[in-house]
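In what follows, a single structure is set out as structure tokens and then discussed.
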Amino acid sequence: MKIDFHTHGKLTKKIPFSSQYTDWLFEEATKSGLDAICLTEHFNTCGFAEIYEYIRQVYEKDGDYFIAPTGLHIFPGAEVDIAEGGHTLVIGDIDTILEINQRLEPYKEKGLYLSFEMWARMVKEYSVLFGGAHPFREGGHIPELLQEQQEAFDFLDLNGKDMAQGAEKNRAMIDELSKKIQRPIVAGSDTHQSFQYGCIYNDFQNNCSTIGELRREMDAGCYEIAMSDYLSFQVRAAGCMKRSLKTIYAMGGDYVSIMLDE
């Protein structure tokens, strides 16, 4: 099972949810060779609940994932900011993710984010996977947390965007942190649009349909991380496309119809 642990279903936080754009993204994920994704949408994105309610209504559910028309398996999740600076990932069943996001409603503006300690305490109340997102990205402070706090994570995110900016250095730093806290590393593209799919992913030996199965396979190390020979180009192309589509939207254009060639 080829799975990407860090993806988004919207172009940006502030642009309204478009079911057509999200459906198109999932189609492109399948075309890139992925079997599954974790949809870790930003917790403070416009229309967070709308995305998941759409998926619930339109896609078939099996275990903890939903099945897109192309066969792509979609595990619900969220990317959550912390007060110290930095991002975390939480992956679970849809009702859990929606409940957590509702509880985070008072803490979605910068300056109001939960401290890591308070956020990690909330996470422990649920059966979810908890990850440190792109821990060494500029502006983040996950590496500066106390070791006992870092050990609250179930995994660390080897992020496609960061790998494009310095693969050897980024991998070495994450490897060191992984060894220190004894937590596995899984790969995520961090894509907001199609070109970045497949730049980096995890090749699990077995198919997984629940969060518990994902945890078991991850903890057992029954997977390999694969990286595209064109990772840097894919990330640059994705960034260029994202900026162009944002500009089209800001000027009143229909960025969705452009991507769908309508």
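Derivation of every value follows stated rules applied to the coordinates shown; laboratory data play no part. Treat the numbers as computed from the prediction; the structure is a model and nothing was measured. Please note: Cβ atoms are built from the backbone with ideal geometry, for glycine as well, and neighbour counts cover all protein chains shown.
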Cleavage-rule hits (GluC sites (Glu not before Pro)) in the range 147-198: DSSP loop, at most 15 neighbouring Cβ within 10 angstrom:
Glu151
Filtered chymotrypsin sites (Phe, Trp or Tyr not before Pro), the range 197-240: DSSP coil and at most 16 other beta carbons within 10 Å:
Tyr230
If amide H atoms are modeled at 1.01 Å from N in the peptide plane, then the residues at a separation of 5 or more from Ile185, or on another chain, having amide H under 5 Å from its own are Leu156
Listed by chain and number, the lysines with an alpha carbon less than 29 angstrom from that of Lys179, same-chain partners under 8 positions apart left out, are Lys2, Lys124, Lys161, Lys169
Give me a comma-separated list of calculated 3J(HN,Hα) values for the range 5-12, in order, Karplus coefficients 6.51, -1.76, 1.60 applied at θ = phi - 60°, integers in Hz, x for any Gly or Pro.
8, 8, 9, 10, x, 10, 5, 8
Whole-number D in µm² s⁻¹ for the range 129-195, Kirkwood Cα-pair radius fed into Stokes-Einstein, 25 °C, 0.890 mPa s:
202
The chain: Rg to Rh, with Rh as the Kirkwood radius over Cα pairs
0.93
So if we plug the beta-carbon distance of Gln102 and Phe233 into 1/(1 + (r/R0)^6) with R0 = 45 Å, what FRET efficiency do we get, rounded to 0.05?
0.70
